[in-house]
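The values are calculated or read from the model by the stated rules, or taken from the named source; none is laboratory data. In this text the structure is predicted, and so the values were computed from the model without any measurement. Methodologically, a virtual Cβ is constructed for each residue, glycine included, from the backbone with ideal geometry; neighbour enumeration extends over all protein chains shown.
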């Protein structure tokens with residue numbers, strides 16, 4: 001069984017749903033990353049383009065690289081922690097890997113052949129995320145004819161096959177069911193169902209990653225802003241970990257590290 005790990009989030013964007021604009025300055029983002037390491041992060045996930053629900057403005061590859069490359073380079077100079085790049089653009093992913101990233105977190109599930117080829121050539125860890133519609137679009141109608149769990153499982157199987165055909169090592173593949181609304185295409189009720197159904201995804205034989213930290217579906221359920229849904233984030237992530245999730249992607253590393261410490265004692 002793989003050790004449970006925490007992925008700390010660094011959003012180098014002016015418009016993220018949480019912490020938007022706080023870390024657009026690369027020095028502040030680097031300092032934040034080092035703080036997350038002190039709090040117990042095992043991996044840092046660095047992104048330069050917001051894909052929050054309602055986001056309709058795409059960012060060019062050049063602008064995305066201007067935001068993230070100094071952060072990747074700055075953290076890499078000071079610490080050997082694994083770094084993940086949160087992008088769906090092959091040119092951004094390649095530059096990030098060249099700068100020291102060893103994970104590619106592609107919310108479009110490696111739909112582009114160029115991204116799959118890069119994954120195979122670089123040996124990077126590949127996080128396949130389920131996304132219902134392309135980034136910066138809002139689906140008019142969300143339909144899962146076989147049921148959401150079965151549809152996502154089939155999606156994973158298809159994308160895994162593509163990566164394996166390209167030469168990606170199966171030990172480098174991680175699955176993320178893409179919890180949340182917007183382009184991820186899940187209602188609050190469906191997002192909760194996915195957390196409840198974690199054990200069904202573990203039968204696919206690959207490590208799972210869950211990213212629900214402070215997301216809008218929690219805000220909708222509780223009728224509270226992102227700043228006030230930490231306790232619920234902690235509760236649901238605990239459920240996901242107990243259900244078999246390996247990686248938890250979070251804004252708040254320290255309290256999640258406490259949870260992992262206790263769960264390890266129980267195990």
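So the values come out like this:
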item: Checking residue 218 against (1) in a helix (DSSP H, G or I); (2) surrounded by fewer than 19 Cβ atoms within 10 Å (Cβ to Cβ); (3) modelled with pLDDT of 95 or more, the condition it does not meet; result: (2)
item: Top-ranked residue of the stretch 56-84 - restricted to ones that are more than 11 Å from residue 12 (Cβ to Cβ) and free of Cβ contacts under 8 Å to residues at least 40 places away in the same chain, ranked as surrounded by the most Cβ atoms within 10 Å (Cβ to Cβ); result: 61
item: Residue in the stretch 112-126 that is under 22 Å from residue 7 (Cα atoms) and part of a loop (DSSP other than H, G, I, E, B) present; result: yes
item: Yes/no for residue 176 being surrounded by fewer than 23 Cβ atoms within 10 Å (Cβ to Cβ) and either in contact with a helix residue (DSSP H, G or I) (Cβ under 8 Å, 6 or more places away or on another chain) or within 25 Å of residue 114 (Cα to Cα) (or both); result: no
item: Within the stretch 203-212, considering residues that are touching a helix residue (DSSP H, G or I) at 6+ places or on another chain (Cβ under 9 Å) and touching a residue at least 24 places away in the same chain (Cβ under 8 Å), the one farthest from residue 2 (Cα to Cα); result: 212
item: Lone qualifier among 68, 7 - being closer than 25 Å to residue 178 by Cα, more than 14 Å from the chain's Cα centre (by Cα) and at pLDDT 95 or above; result: 68
item: Per-region count, the stretch 153-173, residues in a loop (DSSP other than H, G, I, E, B) and either on the phi > 0 side of the Ramachandran plot or exposed (fewer than 13 other Cβ atoms within 10 Å of the Cβ) (or both); result: 1
item: Test result for residue 204, surrounded by 19 or more Cβ atoms within 10 Å (Cβ to Cβ), modelled with pLDDT of 95 or more and within 19 Å of residue 129 (Cβ to Cβ); result: no
item: Hey, residue 144 surrounded by fewer than 19 Cβ atoms within 10 Å (Cβ to Cβ), modelled with pLDDT under 95 and part of a loop (DSSP other than H, G, I, E, B) or not; result: yes
item: Positions within the stretch 32-53 being under 13 Å from the mean Cα position of the chain (by Cα), in contact (Cβ under 8 Å) with a residue 60 or more places away in the chain and not in a loop (DSSP other than H, G, I, E, B), in sequence order; result: 43, 45
item: From the options 231, 227, residue that is out of contact with any strand residue (DSSP E or B) (no Cβ under 7 Å at 6 or more places or on another chain) and at pLDDT below 95; result: 227
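Results for (1) touching a residue at least 12 places away in the same chain (Cβ under 8 Å); (2) assigned to a loop (DSSP other than H, G, I, E, B); (3) under 28 Å from residue 100 (Cβ atoms); (4) in contact with a strand residue (DSSP E or B) (Cβ under 6 Å, 6 or more places away or on another chain), shown as yes or no for each residue.
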site: 135; (1), (2), (3), (4): yes, yes, yes, no
site: 151; (1), (2), (3), (4): no, no, no, no
site: 190; (1), (2), (3), (4): yes, no, no, no
site: 201; (1), (2), (3), (4): yes, no, no, yes
site: 214; (1), (2), (3), (4): yes, yes, yes, no
